[in-house]
Amino acid sequence: MLSDKIRNLADSAAIDALGFAEASPFSNYKLRDSRRTDPKISLPNAKTIIVAGIYIGGLTLPAWENPKYGRTSRLYLSEFFLDVVKPLEPIAKYLNEEGFQSIVCDGSADEGSILPLKLAAVRAGLGWQGKHSLLISKKYGTFLALGGIITDANLEHNTELEPNRCRKCDMCQQACPLAALDQPYVLNRKSCLSNLLQIEYLPEEAQVVMENRVGDCEICQEACPWNRKHLNNPLVTEMTRKFQRKVRAWEKFFYLPHLAELSEKEYIEKLGHLNTGIPYEIFHRNVLIAMKNADRYKNSWQTNP
Ligand code: B12
């Protein structure tokens, strides 16, 4: 069966969660002028959205706790900053070979991200949207990087939605130092530190709370009880194992004085493959502020990496 073959291909590509959703419009999606509101804008005969999640919970550096090292996020280090793309390519290729059309959602492509992946993942049965607005999976917490394919293949769609299990919990909302989650389930992009670390305008208040963050922020995710077990003891997946082999090299790389010395060429050479799209000047600015923040910790520069 087509769906079995797709599941096998997903296993081979180390995809941890997979679901099939109906390719109908996202009527609850606010960006009404965006092509993401309706998969049929991208593929007129679209029938199915294939949603994939890769567990990134193991992608952390112990040095993040040290103010003299630059801190980023699991998503930042995963190579899936915008969407999961490469692991989905064999599935798209297979569908095309079988005579179906398929488009992989790729935020770095000219047309940008063509799917609202959190909403698509909910529809595909991968989890529910939490008050931080992120997809929460019972098994993987928020640590699933998401990707999607729009296809005209008619695969059996998920019809059962996961119930919302956030109930009265508002720990993510309370944790955000910039109140970006004042309204539950809706992220205020203008106040979100992840966003501010990517753009020119970085208000003074954010410069303080960012501490040693040089790209991205996970504060709301660290507060989420569904992530507790992953923060303490991440699941061991292929991705976790691969990353563990690189931890020491990454830690050395993220020593703030080393980051401060990177030329634009070196920045692109060393971090370009992560596809964050964060311009060199912005990253460099973040590094200099993080160093200033580290100065506030006594003795923080006295030991070498
Ligand atoms: C643009 C973008 C951003 C922007 C804007 C975020 C935003 N507002 O969504 C910025 C740069 C700020 C950003 C930040 C981050 N992002 Co981002 N981002 C995206 C991107 C490319 C598009 C998202 C989008 O279009 N959002 C538009 C808004 C309108 O959607 P929404 O937030 O879901 O809004 C809906 C809800 O608020 C809902 N709603 C309103 N009321 C209610 C009430 C209830 C009860 C419910 C359930 C819903 C609901 O209605 C809105 C419309 O439907 C996606 C990839 C993709 N293709 O989807 C990644 C993506 C969403 N990001 C992701 C992540 C992880 C992050 C960060 C956590 C980064 C990090 N450090 O790890 C932070 C976010 C912190 C947070 N609390 O959300 C992941 C999410 C994975 C997951 N498990 O959910 C994605 C899918 C990327 C990926 N590769 O996996 N991101």
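Every number in this text was worked out from the coordinates using simple rules, so none of it is lab data. Not measured: the values here are computed from a predicted model. Cβ: placed from backbone, ideal geometry, glycine included. Neighbour counts: every protein chain shown.
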Förster-model FRET efficiency, 30 Å R0, M1 and K138, C-beta, rounded to 0.05: 0.70
Exposure-ranked with fewest Cβ neighbours within 10 Å first, F253, F81, F143, F20 stand as F253, F81, F20, F143
Listed residues L288, F253, Q174: farthest to the positive end of the dipole of region 171-295 (Cβ charges): F253
Run the lone-cysteine check on the chain: no other Cys C-beta under 4.7 Å from the residue's C-beta. C105, C166, C169, C176, C192, C217, C224
Pull up the DSSP beta bridges for the chain and report the antiparallel fraction as a percent, rounded to 5. 95
Give, as a single signed number, the net charge of other residues whose beta carbon lies under 15 Å from the beta carbon of K47, with Lys and Arg counted +1 and Asp and Glu -1. -3
How big is the charge dipole of the chain about its Cα centre, in debye rounded to the nearest 20, if each Lys and Arg gets +1 on its Cβ and each Asp and Glu gets -1 on its Cβ? 880
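Please give the net charge around H157, taking every other residue with its beta carbon less than 14 angstrom from that of H157, where Lys and Arg add +1 and Asp and Glu add -1.
Once all neighbours under 14 Å are counted, the net charge is -2.
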Calculated P(r) tail over 30 Å for the chain, as whole % of Cα pairs: 34
Radius, Kirkwood style, for region 9-87 when every pair of distinct Cα atoms is counted (Å): 15.4
Take C169, C192, C105, C217 and order them by how many other Cβ atoms sit within 10 Å, fewest up front. C169, C192, C217, C105
Two-decimal log10 I(q)/I(0) for region 145-190, as the Debye equation yields it once each C-alpha is a single scatterer, q = 0.14, 0.33 Å⁻¹: -0.62, -1.19
Quick one: L288, L144, L181, L262, fewest Cβ neighbours within 10 Å first, how do they rank? L288, L262, L181, L144
